[in-house]
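The values are calculated or read from the model by the stated rules, or taken from the named source; none is laboratory data. Bear in mind the structure is a predicted one, so any value in this text is a computation, not a measurement. Quick reminder, even Gly has a Cβ in these numbers, built from the backbone with ideal geometry, and neighbours come from all protein chains shown.
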Amino acid sequence: MRNEGALNNLARAMSSWRTTAVALLSFASGLPLGLVWYAIPDWMRDIGVDIRIVGLFSLAQVPWAFKVLWSPLMDRYVPPFWGRRRGWMALMQLALAALSLALAGVGSHPDAIWVVGAMALAIALASASQDVAYDAYAVEVLREDEQGPAVGAKIALYRAAMLVSGGFSITLAGRWGWPGVNALLSIVYVAMLLITWLAPEPEEKTEPPKTLREAVWHPFIGFLARHRALEILAFVFLYKFADQLAQALTRPFLIDMGYDSDQRGVALSTIGMVATIVGAFIGGWVTTLAGLGHSLWVFGLLQIFSNVGYFILAGAPAPSLPLMYAATSFELLTSGMGTGAFSVLLLRMTQKRFSATQYALFSSLFALPRLLAGPISGFVVDAVGWRTFFLSTLVMGIPGLVMLARFVPLGVKEPEFSVREMERKPPLSPGELVTRGVLGAALAGVLAVFSVAALAALKTMRETPEIGFDLSLAASALRNPIEITDWVELIGIAAFTAIGGLFTAAIYAARHGGVAIPK
């Protein structure tokens with residue numbers, strides 16, 4: 001009877017208009033990403049733009065990394081129509097439609113390269129803002145039993161949208177030209193407005209923050225008042241770290257193993273995409289049926305041990321297509337399962353009143369290991385080889401499971417993320433909070449500078465061995481930014497410093513009971 005009830009809940013969740021709306025709206029979220037990441041660089045290179053200029057177009061991805069900086073504005077201010085979340089989504093979809101139409105107007109003029117670059121950046125900014133509103137909408141509108149199926153469906157449609165704008169559009173541009181393709185994308189955004197209009201409002205009405213200060217400050221306080229908040233943050237960082245280490249260099253690994261471009265394309269772009277989408281669906285469904293706690297444990301173990309396939313592949317005496325396809329598909333399938341359950345976790349951890357800012361914070365923290373995985377993996381492989389590297393990723397997955405055990409002991413079906421009454425400690429004055437925040441910001445700034453400088457020094461050592469590892473030289477280069485990428489690094493350091501200061505001050509405020517804890 002219990003299994004029958006769970007299946008009925010799953011069937012109801014899959015037939016819910018809330019689930020359907022969240023899934024369909026993810027298509028509008030994935031379209032700009034494929035366009036900016038893949039299609040526009042392909043288009044620019046195809047018309048003969050210098051490869052150095054094409055490389056600069058990757059800077060248009062910056063808004064997705066820094067969207068947390070303006071997410072409090074989207075928590076605080078409510079558009080005059082369609083509510084706090086759907087209103088912001090509609091405004092961004094209108095902006096995306098207008099920008100795509102404008103891009104169609106300049107698409108046939110190779111002399112307008114910088115205009116195209118500026119529009120790509122504007123599209124990324126509108127898209128990142130749409131993502132903030134969309135993620136907050138999913139947090140607020142979905143019932144708990146709808147979260148699993150919705151997550152699986154939205155990941156599938158999100159990736160399908162990336163395939164359409166980042167793959168199919170390139171093929172279509174060869175026949176119609178880019179002006180026609182961009183005009184078609186503009187029409188798609190207008191069509192998505194209809195879904196945004198018809199999408200239901202959340203059943204539970206939440207009041208927006210009364211001030212911008214509250215919108216910036218209380219998301220930190222609200223989360224840090226939870227039981228084992230710091231352990232949960234460590235878990236968010238570590239849960240998929242081993243998985244991301246293995247995925248960071250999959251393409252170079254397959255090249256070194258002797259597989260050609262067609263074989264790699266089939267494994268990663270075709271079979272891999274299907275495996276990831278199927279895995280996300282399974283992850284969402286199983287989370288609904290078996291419970292979030294059980295799912296996080298099962299999928300966490302699976303995604304760690306899936307790297308054994310790559311370990312076996314690295315030791316194969318000769319290239320083996322069946323073994324390669326099996327290893328890549330199993331690893332991406334289990335990764336999709338883990339992502340499905342993990343996405344449900346993020347939805348449940350986020351407070352609805354501050355859903356834009358909190359979810360952006362969690363997703364940024366979740367993305368951080370992916371940024372670090374590439375440089376770390378490259379140097380480990382260079383030092384110990386592929387087989388030992390993949391074996392070591394099994395060990396690197398253990399800390400994530402240790403952190404999971406701290407707030408979801410083995411056997412617990414549904415973890416609780418309730419705000420608890422904090423033990424009263426002597427309250428801190430505003431000046432004391434500011435002092436601790438400044439010290440935290442300074443520590444975060446030093447850590448950010450050290451990390452960036454260390455990666456730069458490692459890169460220099462690899463490219464120019466006679467220079468060696470010179471950390472001071474790399475750090476001094478940060479003081480004299482020349483290229484645009486240097487300025488982006490400095491912006492990233494500044495953002496990390498500011499968030500570190502806010503986070504430190506919020507920890508002390510939550511632990512000392514100096515402010516009211518937002519519900």
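The listed residues are A275, A327, and the only one of them that is part of a helix (DSSP H, G or I) and without any contact (Cβ under 8 Å) to a residue 40 or more places away in the chain turns out to be A327. Of the residues E231, E204, the single one that is in a loop (DSSP other than H, G, I, E, B), modelled with pLDDT under 80 and not hydroxyl-bearing (S, T, Y) is E204.
For region 452-470, does any single residue satisfy the condition of being at pLDDT 75 or above and aromatic (F, W, Y)? Within region 452-470, not a single residue is at pLDDT 75 or above and aromatic (F, W, Y). I'd like to know if region 258-265 contains one or more residues that are under 24 Å from the mean Cα position of the chain (by Cα) and under 25 Å from P32 (Cα atoms). Within region 258-265, one or more residues are under 24 Å from the mean Cα position of the chain (by Cα) and under 25 Å from P32 (Cα atoms).
For region 240-257, the condition of being part of a loop (DSSP other than H, G, I, E, B), touching a Pro at 6+ places or on another chain (Cβ under 8 Å) and assigned by TED's automatic domain parsing to the domain that holds Q351 holds for at least one residue. Take R159 and tell me if it is under 30 Å from I40 (Cβ atoms) and among the charged types (D, E, K, R). Yes, satisfied. Filtering A367, A360, A327 for residues that are modelled with pLDDT under 85, crowded, with 19+ Cβ neighbours inside 10 Å and among the aliphatic types (A, V, I, L, M) leaves a single hit, A360. Within region 399-413, the residues that satisfy the criterion of being within 14 Å of R348 (Cβ to Cβ) and either part of a helix (DSSP H, G or I) or β-branched (V, I, T) (or both) are F407, V408, V412.
The set of residues in region 425-469 being part of a loop (DSSP other than H, G, I, E, B) and aliphatic (A, V, I, L, M) consists of L428, I467.
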